[in-house]
Each structure stands twice: as C-alpha cells, then as structure tokens.
Amino acid sequence: MNYRAWRSCKLIHILSLHSPARNLSSVSGSVSSYCLNSVKNHDYENFLALLLLDNSLMQKAFCIRAFNVEVARVNDQVSEAKIGEMRLKFWEDTIDKIFSPEDVPIPEHPIAKALKNTTMECKLSKMYFQRLVKSRRRLGNVSFLTVKEMEDYAEQTNSSIYYLILEAAGVKNLHADHAASHLGKAQGISNIIRSLPHQRRNAIIPIPQETLLKHGVSQERIYRDQESDKGVENCVFEIATVAHQHLEKARSMKDQIPRDCLPILLPGIAIDRYLERLRRAHFHPSVEMLRKRDNLLPISLKWNRMRSKF
C-alpha cells in the first residue's frame, strides 16, 4: 500500500472512531451491510458523510443512498436501453409493492428488504422514490437545452435523496427542505461536471445547449477538454458557478434549520471542496488531480460536523 492509500485509510479510521457509528458492525447485518458496501463502493463521498450520522438514522440513510446507487448505475451496467428500462421497471414495481397497503410479497433483494424495513420504521414519501427511478429513464442520453432543465434534473436525482433522509429523521421544517433542494441541485450539477471525462461513449454530453452556443463550443471540444481551450473553460465555469450559488443558498439557511439535522447536509463540504479543486484546475474537469480522491475529506467532514457546518 502506498503512502497516499495508507493515509486515506487512516483518516477514515479516525473518522469512524470519533463518529456516532464507532463500530460499523452495528449496522452491518445481512441486509444493511449490502447497502453500506454498495454506497461505499459506488458513492464514496456520501458514504463518508453518512458515517457521521447517529446510528439509528445512519442505517436508514444508507438504505436510501443504496437504492439511489442501484437505479443510478443502470446506465453503466447495460449496453441496451431496453434492458436498462426493464431494470428500472423492476424497481418501479418494487416500490409499488413496498408501499402497497396490502401485504404484498417483495422481491428477494437486499435493498428491497432494507427499504421495506425502513418504511415500516418511519414515514417516507413514495413520490421521491418514484422520482429517483423516473429521472434515470433518460439513461445515457441526458441532455439539456437550458440551465433550468439541468437544475430540474439535479433536483430530481439528488434533492429527492435529501428529502427522504430528512423524512427518515422525522424532520418537518420548510427551511430544511429548502436547503435540501439547493444542496441537491449543487451536488447534481457537480456530478454532471465530474461525469464529463467519462462521456466519450455517449452521443450527447450533459452541458446545456444554451451554454455551448453562448460560448461557441462544440461537443467535440468538450470531449477533448484541452487545457488551452478557453471556450471549454468558460462553459464549465458557468455551470460550476450555478452549482456554487445553490450551495451558498443552502448554507445561508443554516441558522433557520434545526441543529440536529445539519449533519444530513454534510455532503455540502465535499461539494465545496470539489468546486475549489475544479477552480484550481482552471475548470478543466479532465485534469488528473480531479480524478483522484480527496484524501483530506474525512477529516474535513469530521471537523465541520463538530462545528455544525456543511
């Protein structure tokens, strides 16, 4: 193991020792361990943030995040749109069964079982799960005409998760919901920027057409992402600015949000750190340093958790 990898593991160990979840085995039953590992392997930054939630909420949050991982990865796991549609239909039907007022058998899938248990423990909105599935029906052809369309997509794919976790925590607060909306948009747009270096196999890239036209940039130039290309830099800067504005709007509501639900919004730290790294890379997302993990993120999350900041 090289030094960087060792340091990253050490920081995660320190984080887990000082978090409410001191012993991960407490949430690693046969069902919840599947959810935990799914989020750890495919949604690492949110995995780190979830470790700092109280144990009772952490289990529910891992279940919700694992469901999102499952539907979000459909596009990466299939080569044909029809197969992807079948998988999403499976989860759509599963959600219907989980929320059915009748005692309907659910599929023998760890996430389905975990979701059923979670919905029996707390009141969650079926609508948000449906939005997570529906938003992924666009599969690899995620394209936007306007920045507003991109924001709406980010709301559906990310803010819905925060709404569900707030519900799992029993939080009913309009300011918390409003902050979650903006935080989800910031995270969704940041994820779109992060995805750009991996979009070569898709015919369409997720930069809004109005942004490309404004700066006279073709999709091919986005693919190439040459460091000398100021047009690409301007396009990415513009949508990164939108993400940052949503993050700052969410943070501006901090004093109006119940203190005990602020840890739910901790992923804002990871978003902020990525956008800062993107700025230092002059808004070229394919720069190598942006493809590496942020090894100081665990400590930053813990420090801001202690300060009740996100």
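Annotation: aspartates and glutamates with alpha-carbon distance below 17 angstrom to K134 (same-chain offsets under eight excluded): E70, D76, E85, E92, D93, D96, E149, E151, D152, E155.
When Cα extents along the principal axes in Å is computed from the coordinates, the matching label among (i) 99, 48, 34; (ii) 56, 44, 44; (iii) 63, 42, 40 is (ii).
With the cut-off at 27 Å, tell me which of the pairs K172/K302; K123/K302; K40/K116; K185/K230 have Cα atoms farther apart than that. From the list (K172/K302; K123/K302; K40/K116; K185/K230), the Cα-Cα distance tops 27 Å for K123/K302.
The charge dipole of segment 49-208, taken about its Cα centre with unit charges on the Cβ of Lys, Arg, Asp and Glu (plus for the first two, minus for the last two), comes to roughly 400 debye. Cα to Cα, under 15 Å, and not fewer than 8 places away if on the same chain: which aspartates and glutamates meet these conditions relative to K254? Once the sequence-local aspartates and glutamates are set aside, what remains near K254 is D177. Springs between Cα atoms under 10 Å define the GNM used for the chain, and in it the highest mean-square fluctuation of D152, D93, D76 occurs at D76.
Across L275, L296, L36, mean-square fluctuation computed from a Gaussian network of the chain (C-alpha pairs under 10 Å connected) peaks at L296. Only helices enter this figure: runs of n ≥ 4 DSSP H residues, each worth -39500 (n - 2.57), summed and divided by the residues of the chain, yield -19500 deg cm²/dmol at 222 nm to the nearest 500. For segment 154-243, what does the alpha-carbon gyration tensor say about shape, rounded, prolate or oblate, given a ≥ b ≥ c as the root eigenvalues, a/c under 1.5 as rounded, and a/b over b/c as prolate? Prolate, because a/c is 1.5 or more and a/b exceeds b/c.
Think of the chain as having a plus end and a minus end, set by charges on the Cβ of Lys, Arg, Asp and Glu; of Y274, I95, N173, Y274 sits farthest toward the positive end of this dipole. Distance from the alpha carbon centroid of segment 253-287 to that of segment 155-173 works out to 17 angstrom.
Rounded, prolate or oblate: which one fits segment 46-175, using the alpha carbon gyration tensor with axes a ≥ b ≥ c (rounded when a/c is under 1.5, else prolate when a/b beats b/c, else oblate)?
Values: a/c = 1.73, a/b = 1.20, b/c = 1.45.
Oblate shape, in that a/c is at least 1.5 and b/c is the bigger or equal ratio.
Here the extension length gained between K148 and K249 equals 34.7 nm, from 0.36 nm per residue of separation less the Cα-Cα distance.
Shape class for segment 184-305, computed from the alpha carbon gyration tensor (a ≥ b ≥ c): prolate, with a/c not under 1.5 and a/b above b/c.
Charges were assigned to the Cβ only: +1 to each Lys and Arg, -1 to each Asp and Glu. The resulting dipole of the chain about its Cα centre is roughly 800 debye.
For segment 120-245, a crude dipole built from +1 on the beta carbon of Lys and Arg and -1 on the beta carbon of Asp and Glu, taken about the Cα centre, is about 480 debye to the nearest 20.
Dipole of the chain computed with +1 at Lys/Arg Cβ and -1 at Asp/Glu Cβ about the Cα centre; of I207, V104, F62, farthest Cα towards the positive end is F62.
Every number here is computed from the coordinates shown, using simple stated rules; none is lab data. Keep in mind that what you see is a predicted model, and the values were worked out from it rather than measured. Cβ: placed from backbone, ideal geometry, glycine included. Neighbour counts: every protein chain shown.
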